[in-house]
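The structure appears below as structure tokens.
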Amino acid sequence: MPQLFVLLPGFRRRLRALALAGLAASGCARLHYFQPDARIGPGSTEALPATADSVLITAGRHYNHHSGIFCLVWGRHYRRVWAAPATVPVLHLATAMPGGLKPGKSGGGFQSISMTLTGPQNREYALRALDKEPRKTLPFLLRHSFLLNVVRDATSAANPYGAFTVPPLAQAAGVPHTRPRLVYIRQDETGLGPNSERFRGKVALLEEKYNALASCTPDLAGAADFVGGEAMLKNVYTHPSHFIDQPAFLRARLLDVWLGDWDRHEGQWQWAAFPEPGGRVRYRGIPKDRDQVYFRFDDGAIPWLAARPFIASQFQTFKPTYGYLPGLVFQARFIDQRGLSQMTRADFLRVATDLQRRLPDSLIDRAAHCLPPAAFALEGPRLATALKARRDALPQAAEAFYLTLTHEPTLGGTAQPERFVVQRYPDSTTVRVFSPVQNQQLAGDSLRFRRTYFTAETHELTLDGLGGDDVFEVTTTGAGKPIRVLLYGGEGHDRLRLQGSSRRLHLFDEASDMTAAGAHRPSLPKKKHRAYNRLNDD
């Protein structure tokens, strides 16, 4: 589950101001907000027999205890689905997986209640409660205010069972995916160690992690390792021979767009590492945590206002039409700029067309039936209709996605010395990046990136040298108005070789000693350097 509010720039500040204005009149956080036990029906108040294999539950009936006026203001969201009955298996650690499961470390961020379970052959499984507790998203002084009720209630904007429809769709699309299972944790469970109390009486997702070769599936055959997003980025920034599989990442991101999954920041991915000839390593992205597919947020007065482009545009509601595409992909802008930098408009349209072919009506209908029967009765037909309409319009959405990324692209080097060759014309700018040849017996460098950006699409281009003694060779031809180029020298003894006009060329090398060779040095605007490598950001 994403951090619905803490991720917004400046939201904590606005939250404090709102709290001061409304605390006195709006009451405090409800002490007993969540359902005490997910079980419903006959016998749900009695102790669960040790031999029970399944129970009747609701994902969160507390979200559906509101008046029509409340829903008019805050939205109906998926309240009825959270309160719909579903039959789920009881978690028995000894038999849940072949060889049994044992408790591991605690997990979870600002909202999720999760932990790791371990099985034979070093396999790891994530156990994550379906419901959320977003208390930590608020500043400490506001955690007992009415705002906690508001943030908790926003969980109902997510379809609790949406993740179960994704595996057949991802499989057909050619995108790696996890295979979640729904389980109920007994009220008297003690086998989860210190985490037992946190999970008791809850419904949870159980899915295997991609963290060992033992968990490798046929679509990831040949992977040598599985790493998290932070480790992957560190390797890519350090070694020119490590790179993201951009065509595969584009396929995964267009699937996200089709599903309306707006929460795809860099922490929502696992990466399979594939060794290639010449010491190269290719990383293929594996999406995780499908909590926000089919998100429904703007069906109330206040959420509708909050989702406007000028406030919180990432909270895009899943509909037959795509709505505001820049908002839908906003959360993933950092990893998108790094993982799709070489993909052209033609690549976006080609993959979108291929996905249309792979996702027929029959598959969509079958995926919708992966919802529990009561949830399908409420949402299944509408979900399938929306998915079919969005599939038909996917090429247009892909083009809008491309234009969003190419408006102000960012391109970075590595910790090694690179040579950036930039040729600027009035209607376009071509960038080539050369890296040192890794073979010590050979001299020179090798081309690792090439792309032409067009003035009609690109407003501003950022080049970040990161580490090493980088060289920026910039040539401007013609007297027109070229694309604005921002050069960040980064660490190392960098050099600028400039030919022609320096118009719309800006240097930000406060952290380096970049010098201009053969031409005057462009002036240094007062602007904070936003590093290409987020791992070094505060």
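No value in this document is a laboratory result; all are computed from the given coordinates. Just so it is clear, the structure is predicted and the values come from calculations on it, not from any experiment. Heads up, the Cβs are rebuilt from the backbone with ideal geometry, glycines too, and the neighbour counts pull from every protein chain shown.
Note on H144, H265: ascending count of other Cβ atoms within 10 Å places them as H144, H265, the fewest first. Computed from the Cβ-Cβ distance with R0 of 60 Å, the FRET efficiency linking R357 to L72 stands at 0.90. Under 5 Å from the amide H of H493 lie the amide H atoms of D469, D470, each residue being 5 or more positions distant or on a separate chain, with H modelled from the backbone and absent for Pro and chain starts. Stretched out straight at 0.36 nm per residue, the stretch from T452 to A346 would grow longer than its current Cα-Cα span by 36.8 nm. Couplings for segment 301-315, taken from phi via the Karplus curve 6.51 cos²θ - 1.76 cosθ + 1.60 with θ = phi - 60°, read 4, 6, x, 4, 5, 5, 8, 5, x, 8, 10, 9, 5, 6, 7 Hz in order; Gly and Pro are left as x. Using the Cβ atoms and a cut-off under 15 Å, what net charge is assigned to the surroundings of P426, where Lys and Arg are +1 and Asp and Glu are -1? Taking every Cβ under 15 Å from that of P426, the sum is +3.
Shape call for segment 76-167 from the C-alpha gyration tensor, a ≥ b ≥ c root eigenvalues: rounded (a/c under 1.5), prolate (a/b greater than b/c) or oblate? Because a/c hits 1.5 or more and a/b fails to exceed b/c, segment 76-167 counts as oblate.
Taking Cα centre as origin and charging only the Cβ of basic (Lys, Arg, +1) and acidic (Asp, Glu, -1) residues, the dipole magnitude of the chain rounds to 960 debye. Computed over the chain, the alpha-carbon pair-distance distribution with 10 angstrom bins reads 3, 16, 25, 25, 17, 9, 3, 1, 0, each value a whole percent.
Shown for T404, T344: other C-beta atoms within 10 Å of each C-beta, ranked fewest to most, produce the order T344, T404.
Beta-bridge orientation, segment 376-503: approximately 45 percent antiparallel, per DSSP, counting only bridges with both partners inside. With a simple spin-label model that places each label point 7 Å from the Cα along the Cα-to-Cβ direction, the separation between D427 and R484 comes to 2.4 nm.
For segment 318-333, backbone phi angles converted through the Karplus equation (6.51, -1.76, 1.60; θ = phi - 60°) give residue-by-residue couplings of 6, 9, x, 9, 7, x, 8, 4, x, x, 4, 9, 4, 4, 9, 4 Hz, Gly and Pro being listed as x. Approximating the spin labels as points 7 Å out from Cα along Cα→Cβ, the L403-to-Y33 distance works out to 4.0 nm. Taking a virtual spin label 7 Å from the Cα of R503 along the C-beta vector, which residues in segment 469-491 bring their backbone nitrogen under 14 Å of it? Within reach of a label on R503: 476-485. Within segment 188-202, name every residue whose backbone N is under 18 Å away from a label modeled 7 Å from Cα of K102 along the Cβ vector. Residues passing the 18 Å test: 190-196. For segment 74-147 versus segment 345-395, the inter-centroid distance based on Cα atoms is 27 Å. When the Cα positions of A86, T190, H66 are compared along the charge dipole of the chain, H66 comes out farthest toward the positive end, with charges on each C-beta of Lys, Arg, Asp and Glu. Placing unit charges on the Cβ atoms only, positive for Lys and Arg and negative for Asp and Glu, gives segment 177-250 a dipole magnitude near 260 debye about its Cα centre. Sorting 425-436, 124-135, 39-50 by their mean Cβ neighbour count within 10 Å, with the most densely packed peptide first, gives 124-135, 425-436, 39-50. Measuring against 24 Å, Cα to Cα, the residue pairs K136/K288; K105/K132; K202/K388; K102/K202; K102/K136; K288/K319 contain K202/K388; K102/K136 as the ones spanning a longer distance. Highest-first packing order for the peptide set 359-366, 159-166, 389-396 is 159-166, 389-396, 359-366, based on the mean count of other beta carbon atoms within 10 Å. By the count of other C-beta atoms within 10 Å, a proxy for reagent exposure, I483, I69, I302 are ordered fewest to most as I69, I302, I483.
Converting phi to 3J(HN,Hα) with the Karplus coefficients 6.51, -1.76 and 1.60 and the offset θ = phi - 60°, segment 378-387 yields 7, 10, x, x, 5, 4, 4, 4, 5, 5 Hz in sequence order, with x at every glycine or proline. Residue separation of T477 and A50 scaled by 0.36 nm, minus their Cα-Cα distance, works out to 145.8 nm of gained length. How big is the antiparallel share of DSSP beta bridges in the chain, given as a percent to the nearest 5? Roughly 65 percent of the beta bridges in the chain run antiparallel, per DSSP.
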